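Participant: Structure provided below as structure tokens; questions to follow.
The values are calculated or read from the model by the stated rules, or taken from the named source; none is laboratory data. Computed from a prediction, not measured in an experiment: that's the story for all the values here. A quick note on method: Cβ atoms are made from the backbone with ideal geometry, for glycine too, and the neighbour counts reach across all protein chains shown. Ligands, DNA and RNA are stripped out before the accessible areas are found, and what is left, the full protein with its side chains, is counted by its heavy atoms. Shrake-Rupley method; radii C 1.70, N 1.55, O 1.52, S 1.80 Å.
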There are 4 protein chains.
Amino acid sequence: MADAAFRSFGSDNNSGASPEIIEAIAAANSGSAIGYGDDPWTEKAEARFAEVFGEGSRTFMVLNGTGSNVLALSLASGHGQAVLCAEGAHIAVDETGAAEATVGCKVLPLATRDGKLQAEALSEALQVLGSVHQAQPSCLSLSQPTEVGTLYTPAEMRELIDIAHRAGLRVHMDGARIANAAVALGLDLAGVSSALGVDLLSFGGMKNGVAFGEALVVFDPELAGRAPFLRKALLQLDSKMRFISAQYEAYLSQNLWKRNATAANAAARRLASRLERMQGLELAYPVQANALFARLPPPAIDRLRAKYFFYDWEGGLVRWMTSFDTTDEDVERFADAVAAALAGS
Amino acid sequence: MADAAFRSFGSDNNSGASPEIIEAIAAANSGSAIGYGDDPWTEKAEARFAEVFGEGSRTFMVLNGTGSNVLALSLASGHGQAVLCAEGAHIAVDETGAAEATVGCKVLPLATRDGKLQAEALSEALQVLGSVHQAQPSCLSLSQPTEVGTLYTPAEMRELIDIAHRAGLRVHMDGARIANAAVALGLDLAGVSSALGVDLLSFGGMKNGVAFGEALVVFDPELAGRAPFLRKALLQLDSKMRFISAQYEAYLSQNLWKRNATAANAAARRLASRLERMQGLELAYPVQANALFARLPPPAIDRLRAKYFFYDWEGGLVRWMTSFDTTDEDVERFADAVAAALAGS
Amino acid sequence: MADAAFRSFGSDNNSGASPEIIEAIAAANSGSAIGYGDDPWTEKAEARFAEVFGEGSRTFMVLNGTGSNVLALSLASGHGQAVLCAEGAHIAVDETGAAEATVGCKVLPLATRDGKLQAEALSEALQVLGSVHQAQPSCLSLSQPTEVGTLYTPAEMRELIDIAHRAGLRVHMDGARIANAAVALGLDLAGVSSALGVDLLSFGGMKNGVAFGEALVVFDPELAGRAPFLRKALLQLDSKMRFISAQYEAYLSQNLWKRNATAANAAARRLASRLERMQGLELAYPVQANALFARLPPPAIDRLRAKYFFYDWEGGLVRWMTSFDTTDEDVERFADAVAAALAGS
Amino acid sequence: MADAAFRSFGSDNNSGASPEIIEAIAAANSGSAIGYGDDPWTEKAEARFAEVFGEGSRTFMVLNGTGSNVLALSLASGHGQAVLCAEGAHIAVDETGAAEATVGCKVLPLATRDGKLQAEALSEALQVLGSVHQAQPSCLSLSQPTEVGTLYTPAEMRELIDIAHRAGLRVHMDGARIANAAVALGLDLAGVSSALGVDLLSFGGMKNGVAFGEALVVFDPELAGRAPFLRKALLQLDSKMRFISAQYEAYLSQNLWKRNATAANAAARRLASRLERMQGLELAYPVQANALFARLPPPAIDRLRAKYFFYDWEGGLVRWMTSFDTTDEDVERFADAVAAALAGS
């Protein structure tokens, strides 16, 4: 069907799944198991998550990333309340108003630098607390890495989280690419999330080799109580959950998260180092995880697009992403194509 | 992990997936493909659905059954409006208020006989049309088979649909088990749905051998326009859609729907014929698809439950279901266990 | 404009306002005052409510009865949760799905006797607590008097409230006609509500002589915290609140609530005693407040309707209501008209 | 109670009502009338609106300004859709997330100049049309005058409306102060709204001498169909509607709208001409209606605030408003107080 030799730089979700993931799915297809999560695969996956994030955490398998984000927000926000996030955050601009439609909260984007929400902007946004005429901030949502592929340092995360907590807000981390962040920062999965004070974590695997399904990890026991019910009400409860759980069990126990993210990040760095040497092309942000945002002449974009699928971004930028299965050869071939496009062919 | 030799009669979602389905997933794990449905597997699956349901239909892959139902209702109902359904309908009693939470409509259960909504009750419910104080019926939702495993005859369906259409309502069919219905009625998939006037079909495969994902089929082009956007806003858009689409392509093109449903229904009939001969046990409804509802003494229920997982139902009933992979031996073993439980051991 | 001599028996909201209420509005039209409730009239009205319901209570002026109910429910329910109420409750059948549309909860009507929710039905409905597939009951809503004009005894109220509280639910009282209930039971306003354990009270005045605006009284301080914000988000915050507050100040301090409800109830009893002696007419429920539900031959209904406006009710009943300004003469004239209609003229 | 001699410059809703409005309320307190709008006062008020806005328009009395806005948006937007507006628009920043909570749409603020949404920003925002990942713009909402008291010229309005209509959006006008706009532009009420292509008009009176209640005027018959039901579902249906309708009948038939707005605007101009001559104070926007935004030293603000209540605004500004009952003497006294505050006393 698709050209198996062709490697997209359009998005890390353009890749398939790691072979181990497919094997885990196949292995889970064995015998009867109670639906909706009362099955041994889910028990095992939840135990793995507890190993990773601590016994106080609770993990809920969900169906996709938007579902994970919305379920998190539904635990920390609601009518008359606001979720604060960086401008450009996925929950603000890429989820078709899902939070507004299904949680009914306001999503309030704040000013950023290099895609990172600024402490000053956060503090200013909190000044509406107590005013009955403004939606009350009840949750801070941080994407790590950001939507433009940059990383908050642990100190930056901590500062923002502390400001939010002191004002009574909960903190959600959109970890659609948490593995890329952890690898890039040289930390483990807890080190980039719960250890910094995050209350709710959208734990993504689909952009890093999982075939389907994501997980929501809740660190605040008070918030976890309503999660099982809201998971169903918000359309995120899988009947044959074993097929999701088995993937995540493999993903964690076989360290696929680390192996895959390491590969994706390395490919991004390799590509960046090629691009940085090209005339007529500028990288818009530091390349810290697996995304690259470039500015190049529109005719060059058109020429490249004839060969590769990728997305335009605000401000005339284009986005390229590497993935867990991007090979060195893929990178070289793509870099050559960019160079050719710039050169006019 | 789970005892592969053990066969649950708790629900048809306690089964795994057909081997062909797992093979389709594995085969789809090949190369890069654009996310969110712009991939060749989805194109092929959509083409299969168009063969089955006609060129005017449009099919949207979604993530689960509740998601499929809610997406359908969001196209045909909204604030200040009501969805009419049978009492006991899945959307009314088994989805944790998902429709109210995410569509904001009222779900109004109406009186039934043998699980089937009655025309008279429907007509009476329509009398509020035009009154500003009552949520306005805008959609009729019919489950086929019903939640108690009975079947509307085509004539019964048509009568209800005609009443609804004449009053300006749209008609949704919850076809979580549409294959079982079609096989039992000796009709094809369109014959039990679009041919009878259904506007929106939740097309289920997960209870009949699919591993994950369902489909919403929209027959009314006017309703289809908003579906792509609401699919995302209602948390039902899969990024790696190929893994769902590939399953449904196999499900339809290899006639798995028919083979699997035929097996499940046959197993139910076989079990029914054993049960009907037992003293102290009564089947509450005609066994027309793959569900059996039984009344038996509570001590016997307890004894059986020590060996088998199954659900209690309203009115002191218990529900047993057969599945696509229920074997004759499974049936005999389960029937023996029921007989033993009735006999006090 | 309208025939000032004509007195409707269609609803107690067909009456205008008590003269003292209009005077209070006129008196409040004096000078500048800060909007949204920071005005001296609101301060005074809130103080009156605190005298009536205790210092721990907090009162929020709102715009209408449905707004009051919905604001209450928004404090005690939400997505994935259910509000339990009597079948026929205003929130279930007369508010155009407002709770579903703006709170997103499920409204679950339970079986009644004489319009009163039965303890057994309540207990049964609570059995879904803990099941992820069912909307979780989080609030019990009781109308006093009921929609059919009957009254829970204090003991009946207390029993239901205790069952609800033991299961962790909050209790809302739809007191659209609380004054009629208090007068009929010989209790004060707190005696029929907070003294029995009610957590949230929709305190109605518009059906008893107030021109516009209602009040929500919150007895549980934990629930009150979000009320000011949700009042605005749910469209219930009045900018020139003084005009509502001034009415309620007068309503309470001048005991209009008692005077008016006493008159309305007395008129209902007078009418009932006339009707009870008529052939061919049957009162469907005990007349305990100011509503009467009658069964009489359809042709008689038609004849009466030619002279008087009133509403049909389920089951072939008609509803008649008396009001604070219904005079003895009004009652006699209406009773004569009923008698004539029954007699065929 | 409040000091009748004191005149606030905090907001035009700090004023009471015109005497004619109170008289209209008192006069409407006569006899029985059917509730919920089937009364002669409402009939007459609706007829007045039809005279003003044309026979094709339909008017719905509602309870407050936020209710009017939200009801309008509910007719033109919904889940997965976006309402575009100026940054700082009331629906975006002053309604506690009401639109998100009760309509479920996204509210998307766009860049402005002098408070006015710019055509370029609008066109750019429309580029997401067709993308399933972004909330789809379905409505443009324009405030006239803007939140900073400036006015779109008719040509500017028309340009924006044309862009919106060509893209398939509906256009809502937040006319909370429509009378001030019409008077300032020398146009009639239709001239600033329906004549320019507006589809839905929040017609405000409460900031211009009405005691309570507002109106929604729908110019597009297709949109009007659901309005009666959504008005109830969105908590905006008044039972004793006569008391609102009578006010608007007087407001229109006695030309109170024009008289009052003329007075308020003139007071603003008078105040502006005093302020413009002061050292150390700068007016941030042209004074075109009845709002003034000033920049002055914080200590001066503090000194003035000791005598007058008013609101701080973004960017260190303060807002002062004149009202229909602001007298020349009020203006001089306030201007003197500002001058004194600037002078340090």
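Participant: Could you tell me which residue of the stretch A:262-274 is least open to solvent (accessible area, probe 1.4 Å), considering only residues that are of a type in the set (S, T, N, Q) and touching a residue at least 40 places away in the same chain (Cβ under 8 Å)?
Facilitator: This residue is A:Asn265.
Participant: Among the residues of the stretch A:283-298, is there at least one that is of a type in the set (Lys, Arg) and in the same structural domain as A:Ala181 (by TED's automatic domain parsing)?
Facilitator: No, that holds for no residue.
Participant: Turning to a different aspect of this structure: Do you know which of the residues in the stretch A:38-65 that are in a helix (DSSP H, G or I) and among the charged types (D, E, K, R) is surrounded by the most Cβ atoms within 10 Å (Cβ to Cβ)?
Facilitator: Looking at residues that are in a helix (DSSP H, G or I) and among the charged types (D, E, K, R), I get A:Glu46.
Participant: What number goes with the only condition from (1) of a type outside the set (Ser, Thr, Tyr); (2) out of contact with any helix residue (DSSP H, G or I) (no Cβ under 9 Å at 6 or more places or on another chain); (3) over 23 Å from A:Arg177 (Cβ atoms) that A:Ala263 does not pass?
Facilitator: If we test A:Ala263 against (1) of a type outside the set (Ser, Thr, Tyr); (2) out of contact with any helix residue (DSSP H, G or I) (no Cβ under 9 Å at 6 or more places or on another chain); (3) over 23 Å from A:Arg177 (Cβ atoms), just (3) comes out false.
Participant: Looking at (1) under 30 Å from C:Ala164 (Cβ atoms); (2) touching a Phe, Trp or Tyr at 6+ places or on another chain (Cβ under 9 Å); (3) without any contact (Cβ under 8 Å) to a residue 12 or more places away in the chain, find the lone condition where C:Ala50 falls short.
Facilitator: Just one mismatch for C:Ala50, condition (2).
Participant: So, in the stretch A:68-127, how many residues would count as being surrounded by fewer than 24 Cβ atoms within 10 Å (Cβ to Cβ) and polar (S, T, N, Q)?
Facilitator: Residues flagged as surrounded by fewer than 24 Cβ atoms within 10 Å (Cβ to Cβ) and polar (S, T, N, Q) within the stretch A:68-127 amount to 4.
Participant: Still on this structure, I have one more. Does the stretch B:231-242 hold any residues that are outside any loop (DSSP other than H, G, I, E, B) and more than 7 Å from chain D (Cβ to nearest Cβ), and which are they?
Facilitator: B:Arg231, B:Arg242
Rundown of residues vs (1) of a type in the set (A, V, I, L, M, F, W, C); (2) more than 14 Å from A:Gly213 (Cβ to Cβ); (3) touching a residue at least 24 places away in the same chain (Cβ under 8 Å), yes/no style:
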{"position": "A:Leu234", "(1), (2), (3)": "yes, yes, yes"}
{"position": "A:Leu237", "(1), (2), (3)": "yes, no, yes"}
{"position": "A:Glu249", "(1), (2), (3)": "no, no, yes"}
{"position": "A:Asn260", "(1), (2), (3)": "no, yes, yes"}
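Participant: Can you name the number of the only condition in (1) open to solvent by 20 Å² or more (accessible area, probe 1.4 Å); (2) within 14 Å of another protein chain (Cβ to nearest Cβ) that A:Gly205 fails?
Facilitator: (1)
Participant: Then there's this: Is it true that some residue in the stretch C:20-30 is touching a helix residue (DSSP H, G or I) at 6+ places or on another chain (Cβ under 9 Å), in a loop (DSSP other than H, G, I, E, B) and open to solvent by less than 10 Å² (accessible area, probe 1.4 Å)?
Facilitator: No, every residue in the stretch C:20-30 fails to be touching a helix residue (DSSP H, G or I) at 6+ places or on another chain (Cβ under 9 Å), in a loop (DSSP other than H, G, I, E, B) and open to solvent by less than 10 Å² (accessible area, probe 1.4 Å).
Yes/no per residue for (1) among the hydrophobic types (A, V, I, L, M, F, W, C); (2) farther than 27 Å from D:Thr112 by Cβ; (3) open to solvent by 50 Å² or more (accessible area, probe 1.4 Å):
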| site | (1), (2), (3) |
| --- | --- |
| D:Glu276 | no, no, yes |
| D:Arg295 | no, no, yes |
| D:Ile301 | yes, no, no |
| D:Ala306 | yes, yes, yes |
| D:Gly315 | no, no, yes |
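Participant: So is D:Ser193 farther than 30 Å from B:Pro228 by Cα, in contact with an Asp or Glu (Cβ under 6 Å, 6 or more places away or on another chain) and surrounded by 15 or more Cβ atoms within 10 Å (Cβ to Cβ) or not?
Facilitator: Spelling it out, it is not the case that D:Ser193 is farther than 30 Å from B:Pro228 by Cα, in contact with an Asp or Glu (Cβ under 6 Å, 6 or more places away or on another chain) and surrounded by 15 or more Cβ atoms within 10 Å (Cβ to Cβ).
Participant: Does the stretch B:329-339 include one or more residues that are in contact with a Pro (Cβ under 8 Å, 6 or more places away or on another chain), aliphatic (A, V, I, L, M) and surrounded by 13 or more Cβ atoms within 10 Å (Cβ to Cβ)?
Facilitator: no
Participant: OK, next. So which residues in the stretch D:29-47 are within 7 Å of another protein chain (Cβ to nearest Cβ) and of a type in the set (Gly, Ala, Ser), if there are any at all?
Facilitator: D:Ser30, D:Gly31, D:Ser32, D:Ala33, D:Gly35
Participant: Quick one: what pairs do we get from the stretch A:119-138, first residue facing another protein chain (nearest Cβ under 9 Å), second of a type in the set (Asp, Glu), C-beta under 7 Å, 6+ apart or different chains?
Facilitator: Going by the 7 Å Cβ cut-off, the qualifying pairs are A:His133/D:Asp94.
Participant: Looking at the structure I just gave you, is A:Asn69 at negative phi, of a type outside the set (Asp, Glu) and outside the structural domain of A:Met173 (by TED's automatic domain parsing)?
Facilitator: It is false that A:Asn69 is at negative phi, of a type outside the set (Asp, Glu) and outside the structural domain of A:Met173 (by TED's automatic domain parsing).
Participant: State all residues of the stretch D:220-238 that are crowded, with 22+ Cβ neighbours inside 10 Å and either charged (D, E, K, R) or over 18 Å from the mean Cα position of the chain (by Cα) (or both); if no residue qualifies, say none.
Facilitator: Of everything in the stretch D:220-238, those that are crowded, with 22+ Cβ neighbours inside 10 Å and either charged (D, E, K, R) or over 18 Å from the mean Cα position of the chain (by Cα) (or both) turn out to be D:Ala227, D:Phe229, D:Leu230, D:Arg231, D:Lys232, D:Ala233, D:Leu234, D:Leu235, D:Leu237, D:Asp238.
Participant: Additional query: Does any residue of the stretch D:173-181 turn out to be open to solvent by 50 Å² or more (accessible area, probe 1.4 Å) and of a type in the set (Asp, Glu)?
Facilitator: Scanning the stretch D:173-181, I find no residue that is open to solvent by 50 Å² or more (accessible area, probe 1.4 Å) and of a type in the set (Asp, Glu), so the answer is no.
Participant: Further question on the same structure: Condition first: under 22 Å from B:Phe60 (Cβ atoms) and either open to solvent by 10 Å² or more (accessible area, probe 1.4 Å) or within 14 Å of another protein chain (Cβ to nearest Cβ) (or both). Can you find one or more residues in the stretch B:142-163 that meet it?
Facilitator: yes
Participant: Would you confirm whether any residue within the stretch B:2-9 is more than 14 Å from chain C (Cβ to nearest Cβ), in a loop (DSSP other than H, G, I, E, B), touching a strand residue (DSSP E or B) at 6+ places or on another chain (Cβ under 6 Å) and buried (at least 24 other Cβ atoms within 10 Å of the Cβ)?
Facilitator: yes
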